[in-house]
Amino acid sequence: MTSPLRLRYQTIEFGDVDIHVCTLRDNQQFDDPNDIALKLGISSATWPIFGVIWPSSLVLAHYIACHETKGKRILEIGCGMALSSLLLNQRNDDITATDYHPEVGVFLERNTQLNHGKAIGYQRIGWADEASDLGLFDIIIGSDLLYEDAHINLLADFVHKHSNRACEVILVDPGRGRKNKFCRRMETHGYSFSQEKPEHTDYLEQPFKGHILRFWRGDN
């Protein structure tokens, strides 16, 4: 008999804005009785990765909380618990979230309701998927996305496919050893880039070893 999922409710503060989030209790939770995730290539070991808030997600949300986004069309890729999307939604920004995991949409809807926000546009999509009506975006964001070497070109090409002529891309990488290859791939698509350490991470339990990667082309 499979144990029921254990959930956790928490409130994360961004200045005077509180974001309420329901997540998995920890990354030991698992629930795929109909093998929906398994058929998508998501194993039992990786199934719960989507369902907790990782340090990179917190870094991204704190960065984007101070970033100018008014009037921009924004896409969060590999959103997981979609913390940044929930925060941007509270500012009434034009945010769309995407992920490949089949349970992300369920949690996104629940967490949007917890924050009394308007519905967030969401699509379950893989970076290799050909058919998509997502369209083009002015800002694309994401955190902790480069798990495997095979993801480097897929992610860069997906970003390029959904970028407006003038576009800014903000990715937080915790230091998995693939950012340099990814940056070179983005250069082939015509992007300039910079990297920086987050200035303040006192909201994290441990020092953050990764970087905030920023890419831009056009007038950004």
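Here are some notes:
- Among Glu199, Glu103, Glu13, the largest mean-square fluctuation in a Gaussian network model of the chain, built with springs joining Cα atoms closer than 10 Å, belongs to Glu199.
- Measuring against 22 Å, Cα to Cα, the residue pairs Lys179/Lys209; Lys70/Lys118; Lys181/Lys209; Lys70/Lys209 contain Lys70/Lys209 as the ones spanning a longer distance.
- One Cα centroid belongs to segment 130-144, the other to segment 1-58; the line between them spans 22 Å.
- If you look at the Cα atoms of segment 53-132, you get an Rg and a Dmax of 12.2, 34 Å.
- Neighbourhood charge, 14 Å Cβ-Cβ cut-off, centred on Val106 and excluding it, Lys, Arg +1 and Asp, Glu -1: -3
- Surface analysis of segment 109-216 yields an accessible area of 54 Å² per residue, using protein heavy atoms and a 1.4 Å probe.
- For segment 1-121, the fraction of alpha-carbon pairs in successive 5 Å shells from zero, as %: 2, 11, 21, 24, 19, 11, 7, 3, 1, 0
- The orientation-averaged shadow of the Cα convex hull for the chain, equal to a quarter of the hull surface, comes to 12.1 nm².
- A simple charge model with +1 on the Cβ of Lys and Arg, -1 on the Cβ of Asp and Glu and nothing else charged puts the dipole of the chain at about 320 debye relative to its Cα centre.
- Projected area, mean over directions - segment 1-67, Cα convex hull, nm²: 5.7
- Space enclosed by the convex hull of the alpha-carbon atoms of segment 132-220, per residue, Å³: 107
The values are calculated or read from the model by the stated rules, or taken from the named source; none is laboratory data. Just so it is clear, the structure is predicted and the values come from calculations on it, not from any experiment. Ideal geometry is used to build each Cβ from the backbone, glycine not excepted, and the neighbour counts take in all protein chains shown. Heavy atoms of the whole protein, side chains included, go into the accessibility calculation; ligands, DNA and RNA do not. Shrake-Rupley method; radii C 1.70, N 1.55, O 1.52, S 1.80 Å.
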